[in-house]
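Notes follow the structure.
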Amino acid sequence: MKNFVYFKGEIVEEEQARVPLATHALQYGTGVFDSVRGYWLEQKKAMLLLKPLEHFERLVNSAKILGLAVKETPAEMTEILKKLVKKNALESDIYVRPFIYQAATKVAPIISPDFEPSLAMYMISLGDYLATDKGLKGKVSSWRRIDDTMIPPRAKVCGAYVNSSLARQEAAMCGADEAIFLNQDGSVCEGSGENIFIVRAGQLITPPVSANILEGVTRSLVMEVAGRERIGVCERCIDRSELYIADEVFLTGTACQVAYFSEIDGRQIGDGRLGPITKKLQKIFFDAVHGRLPEYVKWLVQV
Ligand code: PMP
């Protein structure tokens, strides 16, 4: 089946979306990206997009942080995505990757409107990215998270994901499923592509947005659910050793959804199984994104 993408203002076949080797973003990482999940409802033959507008707003904010100007607004991007979903007609859960990149073939590490900031979008079928039905092994990375004074992690900058890739590589070499970053201050920060929560004494604790984390959309959805369920949420710095003694530790993200750790750095987390609070939040999250809970239907855009 043909795969369609959005490229240079049009929906075209993937084979037609080709960039020159000297593309600025390819050489220097001068682009920003985001991701949107779509959940396929087989019975209704409908795709439910999870918070597309919020993801496009963050994409535009990432671009703003870099000083990349782009013509399309978040609302227009949502319309483009809806068209692309219809055109591809994938009957599975999907993962969409929109990005804004410097398309010019120029040499010099510069960000400038002359370097042709351009929006592109593609999608793939995607089930679980990390296991959600069994506990993950985590490894606190020896690589520290980039800092707002270097490449702001609040923006999803293409080149900045070398930092994530190094951490993920190290985790894999150590037999772990995912890395956990400490920031420059030595506090727990986030995963290579996920936000992190711990549970202590029935309360959720997660690093604040000023701790060099990405302001995750799933993070805020899980906090919204916790609020409704009367589970306390505290945003504060977390020490590495708190991970080891937490009752539960889980990750949130568009790709990973809600996934939990059974082990971090060789220490068992809680009893090593899915803890009651993560279990509750994970169940509500999956019910919500599949449109089964009226109170959360507002999260979804049906195509
Ligand atoms: N942190 C990082 C570094 C990420 O790349 C992601 C994935 N976008 C997240 C956190 C989770 O953010 P979201 O829930 O918006 O996908």
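The values are calculated or read from the model by the stated rules, or taken from the named source; none is laboratory data. Predicted model only: the values in this text are computed from it and were never measured. Backbone-built Cβ (ideal geometry, glycine too); neighbour counts: all protein chains shown. For accessibility, only protein heavy atoms count, side chains too; no ligands or nucleic acids. Shrake-Rupley method; radii C 1.70, N 1.55, O 1.52, S 1.80 Å.
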Once the dipole of the chain is set up from charges on Cβ (+1 Lys and Arg, -1 Asp and Glu), the residue from the list Phe115, Ile205, Val36 lying farthest towards its positive end is Val36
Give me the distance between the Cα centres of region 81-110 and region 179-255, rounded to whole Å. 29 Å
Cβ-defined net charge surrounding Leu119, 13 Å radius [Lys, Arg +1; Asp, Glu -1]: -3
Protection-proxy order for peptides 27-39, 275-287, 69-81, each taking the mean of Cβ atoms within 10 Å per residue, highest first: 27-39, 275-287, 69-81
From the Cα gyration tensor of region 8-67, with a ≥ b ≥ c the square roots of its eigenvalues, which class applies: rounded if a/c is under 1.5, or else prolate if a/b is larger than b/c, or else oblate? oblate
If you wrap a convex hull around the alpha carbons of the chain, what volume per residue comes out, as a whole number of Å³? 133 Å³
Using 31 Å as the Cα-Cα cut-off, could you pick out the over-long pairs in Lys64/Lys283; Lys8/Lys51; Lys87/Lys280? Lys64/Lys283; Lys87/Lys280
Surrounding net charge for Ala131, when Lys and Arg each add one and Asp and Glu each subtract one, Cβ distance under 12 Å: -2
Please report, as a whole percent, how much of the solvent-accessible surface of region 1-160 comes from carbon and sulfur atoms (probe radius 1.4 Å). 54 percent
Just the number please: accessible area per residue for region 1-160, 1.4 Å probe, all protein chains included, in Å². 50 Å²
Can you give me the angle between helix 276-289 and the longest principal axis of the chain, using Cα atoms only, in degrees from 0 to 90, rounded to the nearest 10? 30 degrees
If you bin the C-alpha pair distances of region 136-289 every 5 Å from 0, what whole percents do you get? 2, 10, 21, 24, 22, 14, 7, 1
